[in-house]
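To start, the structure itself, in structure tokens.
The values are calculated or read from the model by the stated rules, or taken from the named source; none is laboratory data. Treat the numbers as computed from the prediction; the structure is a model and nothing was measured. Glycine also receives a Cβ, built like all others from the backbone with ideal geometry; neighbour counts cover every protein chain displayed.
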Amino acid sequence: MLSVTDVHKVYPSGTRALRGVSLDVLPGTVHGLIGANGAGKSTLIKILSGVQTATSGTVAWRGEPVVWTSPAQALSAGMGAVHQHTPLVDSLTVLDNIFLGRHESVRWQAGRRTEELGVLCDRIGYHLDPLAPVGRLSIGARQMVSILQALARDPALVLLDEPTAALSPAERDILFRSVRRLRDQGTTFVYVSHFLDEILELTDHLTVLRDGAVVVDAPTADTGKDELITAIVGKRLARLEERPHTRDVPEAQPLLAVEELSSEGRFGPLSLEIRAGEVVGVAGLLGSGRTELLEAIFGADRSASGQVKVAGRRVRGRSPHASVRRGLALVPEDRSRQGLLPEWEIWRNTSLPYLSGLSRRRLVPDRARERALAGRALADLGIAAPSIDAPVGELSGGNAQKVVFAKWLYGPARVFLLDEPSAGVDVGAKADIIQLIHGLADAGHAVLIVSSEFEELLGACDRVLVMRRGQLIAERHVAATDLHELTALASGL
């Protein structure tokens, strides 16, 4: 169905993203594509879908060499794609987004689109309000809109780039059932994921990229998880696999105190405390209110009631500005929309929260100080980038996430609120992020983490709070619980 032969990609900056990649995708199969952040997966997907062109090499579609210079050409040939950050139009409805680019008559649109969407949703087993504005949907629902958008053209091959990163377990199961059903009907898939269990469960064949080159290409049934881990990151994974030592958190007054905090229809009222040097996790499934809790603590939910105190002093004003001044920092779930300005350079992103402190008389930004701070961040966090002048939108997911952290590390932040801090990053970058979190705690900060990966909470936290239907229903020390218990508590079992 698809053949890639000796494909190279070199960007004008000199970055070599692909180094002679070759692979074959057979009809009616799910072909897994995995590798660490920066391995070249997304670059290859963009070349296959017509977003970018290869520097050299050949792509053959159904036996014929092709050079697509736009996604429309690939789509017309039968190649659908769901990119890691699919650009949806927030102001349009679900229905309009799914059929965006289709030019039928107004009369046809009035009835047939809704009917066609209903049939498609029935095939997938996932239903959305066709008239709901996409901008008001959750991240998981937006991702499902992107998937429905790709499938609406009935493509022969679908490229799925990290499709489950923002999905709940139930949505993930729906997607897997749909992929299997469509595969059995003849549709071919290229499936990119950081989750090795997904790759082993869903795919028929897999290809592993490392540093832009193929290091494993084999049937999935012939490949074990340990072999994949070694191929992707080598010995670095050991840092993530090892159970961290149980740290002694000194008895002290809470650095963060949340008292009777609530937001109507979202969560609460609830209370919690975190001491200096402590890492506390919130385990909850999608819809439990976990993200809403962090946003309310940070002051982004102005309708919330209750009190938030940092080092015994109440945060007044209920706004992100007041929270930052009091020492709160937020790493949001959707870094591309809420945590970064993708078109801006690393150095301009890094200085944003505390720009006045890096300015002459707190009015005129001091570019030299901003650039020096960004250089320090690249060195301290191991951010892989050509220079501090690289736009953040060109970085891999793991490196972009490190820039989000870097924004807060050199200011007065004392309490870090982390929403899915390792979402969409590879296992090596996860290890780096967990090490960074432990470093924050060792420096006397308080850290509150929300994560849908409970294994991550067990590896990073001292305590775990379980959230369900807007309430904190349990608390466990990590040494006294396990994955099965947390899953049972969060799911209501």
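With the requirement that a residue be surrounded by 13 or more Cβ atoms within 10 Å (Cβ to Cβ) and part of a loop (DSSP other than H, G, I, E, B), what does segment 57-89 give you? Hits for segment 57-89 are ARG62, TRP68, GLY78, HIS83, GLN84, HIS85, THR86, LEU88. Within segment 412-424, being at pLDDT 85 or above and touching a Gly at 6+ places or on another chain (Cβ under 8 Å) holds for PRO412, ALA413, ARG414, VAL415. Against the criterion of being in contact with a Ser or Thr (Cβ under 7 Å, 6 or more places away or on another chain) and at positive phi, GLU333 does not qualify. Going by what's in this entry, would ARG123 be described as within 13 Å of VAL82 (Cα to Cα) and either in the same structural domain as HIS83 (by TED's automatic domain parsing) or crowded, with 19+ Cβ neighbours inside 10 Å (or both)? The answer is no for ARG123.
If you check ALA429 against the conditions, is it in the same structural domain as VAL282 (by TED's automatic domain parsing) and without any contact (Cβ under 8 Å) to a residue 40 or more places away in the chain? When the stated conditions are applied, ALA429 does not pass them. Does LEU167 satisfy the condition of being in the same structural domain as ARG62 (by TED's automatic domain parsing) and assigned to a loop (DSSP other than H, G, I, E, B)? Yes.
Look at (1) over 21 Å from PRO421 (Cα atoms); (2) within 25 Å of the chain's Cα centre (by Cα) and you find that LEU328 fails only one, number (1).
Residues in segment 303-333 that are out of contact with any Pro (no Cβ under 9 Å at 6 or more places or on another chain) and among the small types (Gly, Ala, Ser): SER303, ALA304, GLY317, SER319, ALA322, SER323. Checking each residue of segment 371-380 against the condition of being among the acidic types (Asp, Glu) and closer than 27 Å to LEU44 by Cβ gives no match.
Restricted to segment 280-324, and to residues there that are β-branched (Val, Ile, Thr) and not in a loop (DSSP other than H, G, I, E, B), the residue that is nearest to VAL415 (Cα to Cα) is VAL310. Cβ-Cβ contacts under 8 Å between residues 6 or more apart (or on different chains), taken from a first residue in segment 141-160 that is of a type in the set (Lys, Arg) to a second residue that is not in a loop (DSSP other than H, G, I, E, B), are listed as ARG142/VAL134; ARG153/LEU75; ARG153/GLY80.
Being part of a strand (DSSP E or B) and under 20 Å from TYR11 (Cα atoms): is that true of SER22 here? Working first, answer last.
Values: part of a strand (DSSP E or B): yes; under 20 Å from TYR11 (Cα atoms): yes.
It is true that SER22 is part of a strand (DSSP E or B) and under 20 Å from TYR11 (Cα atoms).
To keep it simple, each residue is scored yes or no on (1) within 19 Å of VAL51 (Cα to Cα); (2) at pLDDT 80 or above.
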| position | (1), (2) |
| --- | --- |
| GLY111 | no, no |
| LEU131 | no, yes |
| ARG142 | no, yes |
| VAL145 | no, yes |
| ALA152 | no, yes |
| PRO155 | yes, yes |
| LEU160 | yes, yes |
| ALA165 | no, no |
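Taking segment 35-56 as the range and being part of a helix (DSSP H, G or I) and of a type in the set (A, V, I, L, M) as the test, the residues that pass are LEU44, ILE45, ILE47, LEU48.
Entry remark, segment 296-314: residues being surrounded by fewer than 21 Cβ atoms within 10 Å (Cβ to Cβ) and without any contact (Cβ under 8 Å) to a residue 40 or more places away in the chain number 5 in total. Residues in segment 53-79 that are touching a strand residue (DSSP E or B) at 6+ places or on another chain (Cβ under 7 Å) and over 15 Å from VAL158 (Cα atoms): ALA54, THR55, SER56, GLY57, THR58, VAL59, ALA60, PRO65, VAL66. Applying the condition of being under 23 Å from ALA283 (Cβ atoms) and among the β-branched types (Val, Ile, Thr) to segment 145-182 and asking which residue is surrounded by the most Cβ atoms within 10 Å (Cβ to Cβ) yields THR164.
When you go through GLY444, GLY492, GLY470, GLY439 one by one, which is the residue that is in contact with a Gly (Cβ under 6 Å, 6 or more places away or on another chain), of a type outside the set (A, V, I, L, M, F, W, C) and surrounded by fewer than 20 Cβ atoms within 10 Å (Cβ to Cβ)?
Numbers: GLY492 fails: in contact with a Gly (Cβ under 6 Å, 6 or more places away or on another chain); GLY470 fails: surrounded by fewer than 20 Cβ atoms within 10 Å (Cβ to Cβ); GLY439 fails: in contact with a Gly (Cβ under 6 Å, 6 or more places away or on another chain).
Being in contact with a Gly (Cβ under 6 Å, 6 or more places away or on another chain), of a type outside the set (A, V, I, L, M, F, W, C) and surrounded by fewer than 20 Cβ atoms within 10 Å (Cβ to Cβ) holds for just one of GLY444, GLY492, GLY470, GLY439, which is GLY444.
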